[in-house]
Amino acid sequence: MTENISSLGTLQRLCKECRNCSLAMSRQSVVFGEGNPAAKIFLLGEAPGAQEDACGRPFVGRAGKVLDQLLSAAGLTRQDVFITGSVKCRPPKNRNPYRNELAACRPWLEKQLALIKPQVVVCLGLVAVQNILEPKAKLTEVRGRCFEGPGYRIYPTYHPAAVLRGTVKAELPAADLKAAARSFL
Ligand code: URA
């Protein structure tokens, strides 16, 4: 399906037409992701929410504001990184994506990684961690550590929404992002 695609623009055009799972029926937009096509840091989130679905861009709601602050604390901007989700379409009522939806969306993510070739993937939250690190991973056990992935290192951290909820202090994901950014300087 994605084997012969050699540019991110072509991948995005095809992804926008995706009907690999039933999230296609309820979405307003496919949130492909955005940022630097040659980014060394790839941020992997969960799934688009209502605002992202409405405008087709990742992390534009309140969690996105927190993400901008975390990036800034790590000396980064959105232009330095590429940001996307584990699924590109909004699950109804913002439920977590189902395993079959993650699997259906996986070829898009794999091809994004193959074309961008980041040095580091920062997983924002448990859905992303379980999607690319280990299906049974516990965030409290893996966060703050670094893992070898296929061609990139994986840094698990908290989703910015956890900072918004007050369950996690911003210092923790900020420190993880900083460590990820420093790891290839
Ligand atoms: N993943 C998220 O967690 N949020 C977004 O806005 C997009 C992808």
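The values are calculated or read from the model by the stated rules, or taken from the named source; none is laboratory data. Keep in mind it's a predicted model, so treat the numbers as computed, not measured. Cβ placement follows ideal geometry from the backbone for every residue including glycine, while neighbour counts extend to all protein chains displayed. Each accessible area value is taken on the protein alone, full model and side chains, heavy atoms only, with ligands, DNA and RNA left out. Shrake-Rupley method; radii C 1.70, N 1.55, O 1.52, S 1.80 Å.
Is one or more of the residues making up the range 158-171 among the β-branched types (V, I, T), open to solvent by 20 Å² or more (accessible area, probe 1.4 Å), assigned to a helix (DSSP H, G or I) and touching a Pro at 6+ places or on another chain (Cβ under 9 Å)?
Scanning the range 158-171, I find at least one residue that is among the β-branched types (V, I, T), open to solvent by 20 Å² or more (accessible area, probe 1.4 Å), assigned to a helix (DSSP H, G or I) and touching a Pro at 6+ places or on another chain (Cβ under 9 Å), so the answer is yes.
Right, D68: acidic (D, E) and out of contact with any strand residue (DSSP E or B) (no Cβ under 9 Å at 6 or more places or on another chain) or not? Spell out the reasoning first.
Details: acidic (D, E): yes; out of contact with any strand residue (DSSP E or B) (no Cβ under 9 Å at 6 or more places or on another chain): yes.
Here the answer is yes, as D68 does meet what is asked.
Give the number of residues within the range 16-57 that are among the polar types (S, T, N, Q) and either over 26 Å from S6 (Cα atoms) or near the ligand (Cβ under 9 Å from one of its atoms) (or both). Show your work before the answer.
First, the residues of the range 16-57 that are among the polar types (S, T, N, Q): 20, 22, 26, 28-29, 36, 51.
Filter once more, keeping what is either over 26 Å from S6 (Cα atoms) or near the ligand (Cβ under 9 Å from one of its atoms) (or both): 22, 26, 28, 51.
Of the residues in that region, 4 qualify.
Search the range 49-60 for residues that are modelled with pLDDT of 95 or more and pair each with any residue that is within 8 Å of the ligand (Cβ to nearest atom) and of a type in the set (S, T, Y) when their beta-carbon atoms are under 8 Å apart and the residues are at least 6 apart or on different chains.
Note: pairs meeting the criteria are P58/T84.
Of everything in the range 121-132 that's within 11 Å of the ligand (Cβ to nearest atom) and outside any helix (DSSP H, G or I), which residue is surrounded by the fewest Cβ atoms within 10 Å (Cβ to Cβ)?
Checked the range 121-132; the qualifying residue surrounded by the fewest Cβ atoms within 10 Å (Cβ to Cβ) is G125.
Residues of the range 26-56 being over 13 Å from the mean Cα position of the chain (by Cα), more than 15 Å from N94 (Cα to Cα) and open to solvent by 20 Å² or more (accessible area, probe 1.4 Å), which ones?
Once the filter is applied, which keeps residues that are over 13 Å from the mean Cα position of the chain (by Cα), more than 15 Å from N94 (Cα to Cα) and open to solvent by 20 Å² or more (accessible area, probe 1.4 Å), the range 26-56 yields N36, P37, A38, K40, C55.
Test of understanding: among P118, P135, which residue is over 19 Å from A74 (Cβ atoms) and assigned to a loop (DSSP other than H, G, I, E, B)? Break it down into steps so the answer makes sense when it comes.
Values: P118 fails: over 19 Å from A74 (Cβ atoms).
Just a single option satisfies the conditions, and that option is P135.
Considering (1) open to solvent by less than 10 Å² (accessible area, probe 1.4 Å); (2) more than 16 Å from the ligand (Cβ to nearest atom); (3) not hydroxyl-bearing (S, T, Y), say which one L115 fails and leave the rest.
For L115, the exception is condition (1).
Being aromatic (F, W, Y), open to solvent by 10 Å² or more (accessible area, probe 1.4 Å) and not in a helix (DSSP H, G or I) narrows it down to one residue among F59, F82; which is it? Step through it out loud before you land on a result.
Numbers: F82 fails: open to solvent by 10 Å² or more (accessible area, probe 1.4 Å).
Result of the check over F59, F82: F59.
When only residues in the range 86-111 that are open to solvent by less than 10 Å² (accessible area, probe 1.4 Å) and in contact with a Pro (Cβ under 9 Å, 6 or more places away or on another chain) count, which is nearest to L43 (Cα to Cα)?
Step by step, filter the range 86-111, then rank; the result is S86.
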